[in-house]
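A short worksheet on the structure shown next.
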Amino acid sequence: MIIAHGIDIVDIVHTARLLADPTDQFLTRCFTAQEQNAVGTGTERAARFSGRLAAKEAVMKALGTGFSAGVGFLSIEIVTLPSGAPTIVLHGEARKHAELLGIVSWLVSTSHEGDMAIASVIGLADQSAPR
């Protein structure tokens, strides 16, 4: 059963500027070491980070917290499965909010085209739980 949905869009050019600024702590403020390693280097780097950032913001919307109640970028981790598909791992307050809502798993979709990246997330309840 669908519990919550969130969607967000991010400007890839803006992300590229943040990545290029050596004085900005963008990466360490927004992404775990595992996420940074997964994205790696290359021409699609800014687009990949933008997709992950959009997914994190979409999760905040789905949780109904935004940037509050102890939920921030580092409490939401976008992990790549062996299949290449993204999934969400929550930590701390983000995890607690999801549990309160009854969210046990997520569907995640990210895409980018031109200068924009978009993500949609759907929080799902446990289908086997009694209603």
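Out of every Cα-Cα pair that the stretch 2-124 contains, those further apart than 22 angstrom amount to 29 percent.
Backbone amide hydrogens, once placed in the peptide plane, bring ILE3 within less than 5 Å of GLY123, LEU124, ALA125, excluding anything fewer than 5 places away on its chain.
Within the listed set GLY72, GLY51, GLY84, the Gaussian network model of the chain (springs between alpha-carbon atoms below 10 Å) gives the highest mean-square fluctuation for GLY84. Annotation for the stretch 93-116 versus the stretch 40-69: alpha-carbon center distance of 9 Å. A simple count of charges around ALA4, restricted to other residues whose Cβ falls under 15 Å of its Cβ and scoring Lys, Arg +1 and Asp, Glu -1, yields 0. Simple rule: put +1 on each Lys or Arg Cβ and -1 on each Asp or Glu Cβ in the chain, find the dipole, and look at GLY42, PRO22, GLY70; the Cα lying farthest toward the positive end is GLY70. Placing +1 on the Cβ of every Lys and Arg and -1 on the Cβ of every Asp and Glu, with nothing else charged, gives the chain a dipole about its Cα centre of roughly 240 debye. The modelled label-to-label distance for the pair ASP11/LYS61, using points 7 Å beyond Cα in the direction of Cβ, is 1.7 nm.
Here, the stretch 48-112 is characterised by an Rg to Rh ratio of 0.94, where Rg is the alpha-carbon radius of gyration and Rh the Kirkwood radius.
All of the numbers you see were taken from the coordinates with simple rules; none came from a lab. Quick caveat, the model's predicted, so the values are computed rather than measured. Ideal geometry is used to build each Cβ from the backbone, glycine not excepted, and the neighbour counts take in all protein chains shown.
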